[in-house]
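Just below is one structure, and these are the notes that go with it.
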Amino acid sequence: MKKKDVSRRQFALLAGTMAAGAGRIPLQGADALTAQEVAHRMQTSLGGEWPASGPDGFKAGDPNTPVTGIATTAMATMGVLKQAAMAGTNLVITYEPTFFGRQENPGVADDPVYKAKKQFIEKNGLVVFRLRDRWQARKENDMTTGLAEQLGWSKYRVRPGDSIYEIPATTAEDAVALIRKKLSLRGGLRAVGDRKARVRRVMLHPGTMTSAVMWQRYSETDLTITGEVREWENTHYAADIFTAGEGRGLVTIGRVVSEDPGMRMCAEWLKTLAPEVPSRWIPAGDLYWRAV
């Protein structure tokens, strides 16, 4: 219990030092663009169903808050929220949950980290909106497109709307080195397969790759790049194929890292949707460290 109390005090201290002051002064009165109005514009533009029981919607803060700026991210971590507050950006659009689970809470009402994070959001006047299902449903396939662009592979897409790319021939080892550099990865990247295998055809699959998708499409590529997999299914499937003598490889880069570039595309889209306020991308980044 003492350790949890320390965590709460640390979070509260951070919230206290961040509250107030920096940043843009929001429009007031009839000219104010509220978080609710931004949400309405997103809903109108994206269309489709927005069920109250679905993941998309406001998760923290007051929707009537005048917006000083919009930040997009794959996950509204404390680090991202702190950067948003420091920049005077008070509407955070996140792809993944803010509060550690599908139901946006850790399952314990008095969890100190959960409470302190909510307190930080409230003290700094932030509003958090989750945009997942409707953003993922866009025909532009922004999550894959964003990852390809971040890797410098946009022009190598084989078919419009698909996730297969034919990149200049390289080795698996060199492809992994490029991925690590382009995505600023530290310890979150893991690879299975022959380091020296020739790589030409790759598949990008941001987020989680299920075993069904992998078994269906793994044979189409030299290298499959995804966010995360269920290790005992997908990773060892790739390992057994390698052991059997095939030169295919699997690279996992972390779920949130794989989704971050797609939310950079979201920030660009929001610049056209809500031009009255600035929109920026704040990546959650690779949280892992690597032993040397």
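Some notes on this structure:
- Note on TRP232, TRP215: ascending count of other Cβ atoms within 10 Å places them as TRP232, TRP215, the fewest first.
- Residue-count net charge about ILE164 - beta-carbon cut-off 15 Å; Lys, Arg +1, Asp, Glu -1: +3
- Computed magnitude of the charge dipole of the chain (debye, nearest 20; Cβ of K, R +1, Cβ of D, E -1): 740 debye
- Phi to ³J(HN,Hα) by Karplus 6.51 cos²θ - 1.76 cosθ + 1.60 over the stretch 58-71, Hz, x for Gly, Pro: 5, 10, 6, x, 9, x, 7, 5, x, 8, 9, x, 10, 10
- Relative contact order (%) - criterion: Cα under 8 Å, at least six apart; region: the chain: 21 percent
- Estimated 222 nm signal from helices in the chain, with DSSP H stretches of n ≥ 4 weighted -39500 (n - 2.57), rounded to 500: -11500 deg cm²/dmol
- Stokes-Einstein diffusion for the stretch 142-253, with the hydrodynamic radius set to the Kirkwood value over Cα pairs and evaluated at 25 °C in a medium of 0.890 mPa s, equals 177 µm²/s.
- Segment ARG190-THR243, extension gain: residue separation times 0.36 nm, minus the distance between their alpha carbons: 17.3 nm
- Between the labelled values (i) 132; (ii) 155; (iii) 191, the entry that holds volume of the Cα convex hull per residue in Å³ as derived from this structure is (ii).
- Segment GLU268..ARG200, full-extension length gain: 21.5 nm, with 0.36 nm per residue of separation and the alpha-carbon distance subtracted.
- Size of the stretch 151-216 from its Cα atoms: along the principal axes, largest to smallest, the extents are 28, 26, 23 Å.
- The stretch between ARG217 and THR171, if pulled fully straight at 0.36 nm per residue, gains 14.5 nm over its current Cα-Cα span.
- Relative contact order (%) - the stretch 142-253, alpha-carbon pairs under 8 angstrom, separation at least six: 27 percent
- Take the Cβ atoms of GLU122 and GLU233, set R0 to 35 Å, and the FRET efficiency comes out at 0.30.
- DSSP beta bridges in the stretch 121-252 [antiparallel fraction, %, rounded to 5]: 50 percent
- Nonlocal amide H pairs with ARG280, under 5 Å, H built at 1.01 Å: ILE70, ALA71, THR72
- Hull volume in cubic angstrom per residue (convex hull over the Cα atoms of the stretch 67-219): 156 Å³
- Rounded to whole Hz, the Karplus (6.51, -1.76, 1.60) HN-Hα couplings of the stretch 42-47, x for glycine and proline: 5, 4, 5, 5, 7, x
- Highest mean first, the peptides 78-90, 159-171 sorted by other C-beta atoms within 10 Å per residue fall in the order 78-90, 159-171.
- Entry for the stretch 50-94 at q = 0.17, 0.26 Å⁻¹: log10 I(q)/I(0) = -0.50, -1.01, Debye formula applied to identical alpha-carbon scatterers, no solvent contribution.
- Positive end of the dipole of the chain (Cβ unit charges, origin at the Cα centre): among ALA291, THR89, THR77, the Cα lying farthest that way belongs to ALA291.
All of the numbers you see were taken from the coordinates with simple rules; none came from a lab. It should be emphasised that the depicted structure is a prediction, and the values quoted were computed from it without experimental measurement. Backbone-built Cβ (ideal geometry, glycine too); neighbour counts: all protein chains shown.
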